[in-house]
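Peer 1: I'd like to ask some things about the structure below.
Every number here is computed from the coordinates shown, using simple stated rules; none is lab data. As the structure is a computational prediction, the values presented were derived from the model and not from experiment. Here the Cβ positions follow ideal geometry from the backbone for every residue, glycine too, while neighbour counts run over all protein chains shown.
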Amino acid sequence: MSWNSFGRVFRFTTWGESHGPALGVVIDGCPPGIALSEGDIQPFLDKRRPGTSRFTTQRREPDQVRILSGVFEGRTTGTPISLMIENVDQRSKDYSEVAKAYRPGHADYAYDAKYGFRDHRGGGRSSARETAARVAAGAVARLVIPEVTITGWVEAIGGDAIDPARFDANEIANNPFFGPDPQAAIRWEALVDGARKAGSSLGAVVACEASGVPAGWGAPLYAKLDSELAAAAMSINAVKGVEIGDGFGAAMLSGEQNADAMRPGVEGPDFLANHAGGIAGGISTGQPVRLRVAFKPTSSILTPVKTITPEGEATEIATKGRHDPCVGIRGVPVVEAMMALVLADQKLLHRAQCG
């Protein structure tokens with residue numbers, strides 16, 4: 001069985017391939033009466049769109065979204081919302097060698113082993129192109145949670161991290177890396193340029209914070225807010241690690257260091273720390289919800305790598321075509337979208353149980 005849907009009440013299903021005529025998403029469970037137009041979705045797709053700088057793939061896709069259903073006279077009707085994004089700049093011939101051998105680190109072999117064949121044109125469903133549909137769905141989800149502000153940024157590229165003391169949220173939109181540290185962004189230019197010119201790629205760490213999440217969203221066990229966020233983030237192409245709050249760093253703290261101490265506040269407790277990332281026992285505490293995601297280096301590279309053919313013969317492969325030298329850069333709007341989708345779902349779940 002193939003799983004292409006995510007969510008419980010606010011549920012979305014993505015469809016389409018990297019080199020097919022189009023891709024898109026169907027959203028079910030969106031409340032009726034919400035004002036929605038293509039203009040509410042397009043700005044987020046523009047953040048993820050390829051070809052916006054020399055640091056991303058040079059595939060030229062306008063990523064113009066069309067609303068096909070679920071909206072009447074500018075408002076959601078409560079019926080499924082279908083969104084479509086056309087593919088207009090495919091170069092399937094670039095993948096002729098991929099048809100003859102597996103790309104190490106990519107899903108080529110795994111797809112072949114599962115299905116008995118694969119779409120080698122860009123990787124089909126395993127391509128990061130699929131995430132455009134998620135970003136479109138995430139834009140709709142944001143309208144369900146207007147009380148929440150979601151901000152994502154790149155924390156590190158190729159092991160070179162920002163200086164937290166220089167964190168400036170206003171800088172995130174001022175450079176092509178979504179970097180909050182302008183000095184790190186300057187260093188990253190040379191790093192990513194070097195990887196691209198060498199025919200290689202780099203990994204990245206993306207962070208995301210949601211402020212304005214009220215206390216109470218989530219569930220104690222099998223719909224924990226943090227487990228849903230972890231599943232959502234791990235479903236993103238090229239993601240290999242997720243942390244909530246301090247994550248693995250919490251394992252190096254003592255109990256008193258890790259405790260998010262509380263004092264009396266005007267509207268609930270004042271927390272003196274947020275090691276838990278705004279979630280305790282699977283339920284939001286009212287603090288900012290914090291998530292960190294590790295993206296591996298792009299697997300499609302020009303540097304020759306040892307591999308095998310579908311017949312099991314030894315060979316090497318150097319992947320031609322247009323690929324991101326650091327896929328984590330354009331991963332920022334995708335992580336933001338998955339945060340929004342999970343929070344919208346959890347808000348509706350909370351309302352269903354607790355009113």
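Peer 1: Among 185, 355, 214, which residue has its Cα furthest toward the positive end of the charge dipole of the chain, with +1 on Lys/Arg Cβ and -1 on Asp/Glu Cβ?
Peer 2: Sorting the options by dipole projection puts first 185.
Peer 1: Okay, moving on. Suppose R0 equals 51 Å. What FRET efficiency, 1/(1 + (r/R0)^6) with r the Cβ-Cβ distance, do residue 69 and residue 198 give to the nearest 0.05? Let's see the in-between values first.
Peer 2: Details: r = 46 Å, r/R0 = 0.91.
So, using R0 = 51 Å, E works out to roughly 0.65.
Peer 1: Can you tell me the dipole magnitude for the chain around its Cα centre, using point charges on the Cβ only (Lys, Arg +1; Asp, Glu -1), in Debye to the nearest 20?
Peer 2: On the way: 37 positive and 40 negative charges, 177 e Å.
The calculation lands at about 840 debye.
Peer 1: If you wrap a convex hull around the alpha carbons of segment 217-352, what volume per residue comes out, as a whole number of Å³?
Peer 2: Numbers: hull volume 23.9 nm³, N = 136.
Hull volume normalised by residue count: 176 Å³.
Peer 1: Here is the link list: 114/296; 47/100; 114/224; 197/296; 114/240. Which ones come out longer than 26 Å on Cα distance? Please report the intermediate quantities before stating the final value.
Peer 2: Numbers: 114/296 22 Å; 47/100 34 Å; 114/224 30 Å; 197/296 19 Å; 114/240 20 Å.
Distance filter (> 26 Å) returns 47/100; 114/224.
Peer 1: Can you give the net charge of the other residues whose Cβ lies under 12 Å from the Cβ of residue 152, counting K and R as +1 and D and E as -1?
Peer 2: Details: positive: 47, 48, 290, 292, 330; negative: 155, 209, 336.
Net charge around residue 152: +2.
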